[in-house]
Amino acid sequence: MTLIARQMQSTLTDAMPEEPRIRGTCQDMCPELEQTARQRQKRLHRFEMLEGTEQNRLPSADPVRCVKEYSRPAAGKDVIPPAELRPPQVLMGTVDYLINRILPRDDVHFTEVYNFISDRLRAVRQDMVVQRVKGHTCVAILEKAVRFHVYAAYRLCESSVQQFDPHLNNQQLENCLTWLLREYKDDSTGVVYGNRACMEALYLMHCLGSHDALQHGLSLPKSIRECQVVQVALRLHMAQLRGDFVQVFRLVQQLPYIHSCAVHRHLALERSRTLLVMNSAYSCKVCRYPISHLQCLLGFDDEAETAEFCRQHGLKAVDSYVAFKKADFSFPEKAKPKFSQCLVDDKLQECTLPDIIHGKTDVLCDSNSLHPPSATDKHLDSEVYCTEGGQLEPLTGAMQTLSLTSEAKPGGCPTVNAYQDSGQRTEEQILKENQVHALATKEHRHPSGTLSTACESGSSPASSGKEKDMKESVGRPWSRGRGRGGVWRGGRWRGRGRGRGRGADLGV
């Protein structure tokens with residue numbers, strides 16, 4: 001069930017007659033009755049034990065550090081007494097205690113910190129549901145819970161399932177997002193919450209690729225939709241849906257840290273789709289694509305990680321180049337997500353974990369300031385050509401093709417120029433020009449594999465008849481009427497058998 005469907009279901013539930021609200025009276029983070037019961041049953045977490053009693057047979061509970069744990073409501077259980085419910089201001093103080101005191105602890109593994117905070121935040125939301133808490137306090141608590149689960153999903157992405165279950169964390173995150181978006185929508189006072197734009201963009205990044213999420217983003221109020229972070233999120237969302245993968249990774253670099261953590265879970269699939277497109281576009285036996293350029297394009301941290309990613313998809317990556325071949329490509333069964341220094345971690349800079357959860361890092365980043373293009377990257381983006389050894393260099397623009405010049409440059413052999421596709425040529429002409437280049441390369445080589453001396457001389461002699469016919473044939477659609485079993489003879493395609501059709505003899 002999508003978040004939008006959950007919002008509609010929740011709206012119908014809220015439309016029912018409301019029961020009298022219960023007001024909590026507990027002023028501690030954990031009711032005294034629960035502290036006594038958990039101490040007697042040895043269910044105290046070590047974060048809640050009184051200092052100096054951790055090694056005792058029966059550790060004591062610290063009233064200042066003990067936090068109410070989540071418990072499922074039993075069937076037929078009476079209404080929870082007000083003495084066991086914490087009022088909104090106490091709930092807010094409990095959340096701040098978890099974020100400021102428990103989250104930054106580095107003396108234990110983060111999985112233990114996550115399990116403790118996640119359970120206690122769930123208990124906070126349970127008290128909010130029972131008391132029907134609304135307004136700014138409810139929104140502030142939900143915003144911090146959303147950021148915490150988004151951060152935890154990235155922080156523990158490389159952990160095993162026994163230590164961290166991403167499905168359960170994602171479920172808790174979606175529950176918080178559903179409730180939060182409904183609070184934004186049901187705001188009857190007309191007050192625009194200060195962090196709504198960041199939360200709406202976070203929802204778009206979490207649901208990247210969902211048409212419902214994009215429709216929700218486009219239907220936002222104008223004041224929210226025109227915020228910069230929402231604009232970047234919408235552009236990224238639309239770029240992903242139309243398959244503009246280059247634009248996707250460029251926009252990811254502009255996202256704030258917490259939004260980059262949210263979109264991180266989609267990066268592996270987006271990289272695989274990009275690699276599939278490039279494998280179809282650059283599939284050639286003699287061409288090799290530089291891994292350094294692929295690293296910049298897909299936002300990897302280094303060439304070794306890029307090469308390993310290509311090998312996981314069945315492609316050969318050797319000597320800083322990857323060889324694209326359609327028959328070799330295959331999607332891995334399940335690619336394990338990894339940390340991204342380039343797209344995520346570098347945005348954290350000097351911020352602390354409490355600053356992240358409190359929303360102090362929700363600022364757009366300048367991708368150029370984070371990762372300025374190097375001289376090598378500028379050269380890769382300037383031109384692309386197929387070298388003598390079959391190494392594919394970067395192309396100018398997104399769609400480019402190769403063409404053979406009709407005349408040799410002064411002092412050199414005929415070269416292969418790279419130019420940007422203007423959209424005026426047909427696919428048949430593009431295919432024909434690539435075939436001309438392949439044949440020309442073959443014809444201008446000696447059996448030893450070196451270029452002919454005629455090309456090496458400063459003033460080349462007159463071309464042979466075969467070369468002349470081949471140059472004159474540039475611009476003619478070879479695919480028309482080539483027929484089955486056609487052969488190249490005397491500078492012409494001569495069809496044979498059925499399918500000869502019109503234009504089989506290109507010399508006419």
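The values are calculated or read from the model by the stated rules, or taken from the named source; none is laboratory data. Values in this document were obtained by computation on a predicted structure and should not be read as measured data. All Cβ positions, even for glycine, are placed from backbone atoms using ideal geometry, and neighbour counts span all protein chains on display. Quick note on the areas: whole protein, heavy atoms, side chains included, nothing else; ligands and nucleic acids left out. Shrake-Rupley method; radii C 1.70, N 1.55, O 1.52, S 1.80 Å.
Evaluating 6.51 cos²θ - 1.76 cosθ + 1.60 at θ = phi - 60° for every residue in the range 26-31, the Karplus couplings come out as 6, 9, 9, 5, 9, x Hz, glycine and proline recorded as x.
If each residue of separation counts as 0.36 nm, what is the full-extension length gain between Ser71 and Lys134 once their alpha-carbon separation is subtracted?
Numbers: separation 63, 0.36 × 63 = 22.68 nm, distance 2.22 nm.
Extra length from Ser71 to Lys134 when fully extended: 20.5 nm.
Remark on Arg288: its backbone amide H falls under 5 Å from those of Gln391, Leu392, a criterion applied only to residues 5 or more positions apart or on other chains, H modelled at 1.01 Å from N.
Working ranking of peptides 101-110, 200-209, 292-301, 264-273 by packing, defined as the average number of other Cβ atoms within 10 Å per residue, highest first, is 200-209, 292-301, 264-273, 101-110.
Roughly speaking, what is the centre-to-centre gap between the range 87-131 and the range 268-336 when only Cα atoms are used, to the nearest Å? Cα centres, the range 87-131 to the range 268-336: 42 Å.
Cβ-Cβ distance of Ser219 and Ala83, R₀ of 41 Å, FRET efficiency by 1/(1 + (r/R0)^6): the value works out to about 0.40. Surface calculation, 1.4 Å probe, protein heavy atoms: Arg250 sits at approximately 150 Å² accessible.
Near Ala61, the amide H atoms lying under 5 Å from its own belong to Leu50; only residues 5 or more places off or on other chains count, and H is placed 1.01 Å from N. Taken along the Cα-to-beta-carbon direction at a fixed 7 Å, the label points for Ser159 and Gln231 span 3.8 nm.
Determine the equivalent ellipsoid of the range 180-310 by diagonalising the alpha-carbon gyration tensor, then write out the semi-axes as square roots of 5 times the eigenvalues, largest first, rounded to whole Å.
Ellipsoid half-lengths, sorted descending, are 35, 14, 11 Å.
Remark: spin-label model distance Lys360-Arg273 equals 3.7 nm, labels positioned 7 Å along the Cα→Cβ axis. Let me make sure I get this right: for the range 36-179, a, b and c are the square roots of the gyration tensor eigenvalues over alpha carbons, sorted descending. Under 1.5 in a/c it's rounded, otherwise prolate if a/b > b/c, else oblate. Which is it? Because a/c hits 1.5 or more and a/b fails to exceed b/c, the range 36-179 counts as oblate.
In square nanometres, what is one fourth of the surface area of the convex hull spanned by the alpha carbons of the range 127-168?
Directional mean of the projected Cα hull area for the range 127-168 stands at 3.7 nm².
Model label points for Asp186 and Gln27, set 7 angstrom from Cα along the Cα-to-Cβ axis, are 3.0 nm apart. Using the Cβ-Cβ distance between Asp301 and Tyr97 with R0 set to 56 Å, the FRET efficiency works out to roughly 0.95.
With 29 Å as the limit, write out which pairs from Lys68/Lys222; Lys144/Lys347; Lys68/Lys338; Lys222/Lys360; Lys144/Lys222 have Cα-Cα distances beyond it, or answer none. List each step's numbers first, then the result.
Numbers: Lys68/Lys222 41 Å; Lys144/Lys347 19 Å; Lys68/Lys338 34 Å; Lys222/Lys360 24 Å; Lys144/Lys222 25 Å.
From the list (Lys68/Lys222; Lys144/Lys347; Lys68/Lys338; Lys222/Lys360; Lys144/Lys222), the Cα-Cα distance tops 29 Å for Lys68/Lys222; Lys68/Lys338.
Taking a ≥ b ≥ c as the square roots of the eigenvalues of the Cα gyration tensor of the range 56-114, is the shape rounded (a/c under 1.5), prolate (a/b larger than b/c) or oblate? Prolate.
A Förster radius of 25 Å, combined with the Cβ-Cβ distance separating Thr53 from Arg105, puts the computed FRET efficiency at roughly 0.85. Computed from backbone phi with θ = phi - 60° and the Karplus coefficients 6.51, -1.76 and 1.60, the 3J(HN,Hα) list for the range 302-308 is 8, 6, 5, 5, 5, 5, 5 Hz; x is used for glycine and proline.
Please say if the range 120-241 is rounded, prolate or oblate, where rounded means a/c under 1.5 for a ≥ b ≥ c the square roots of the C-alpha gyration tensor eigenvalues, and otherwise the choice is prolate for a/b larger than b/c and oblate otherwise? Because a/c hits 1.5 or more and a/b fails to exceed b/c, the range 120-241 counts as oblate. Positive-end ranking of Cys176, Val108, Val133 along the dipole of the range 65-188, with charges on Cβ about the Cα centre, is headed by Val133.
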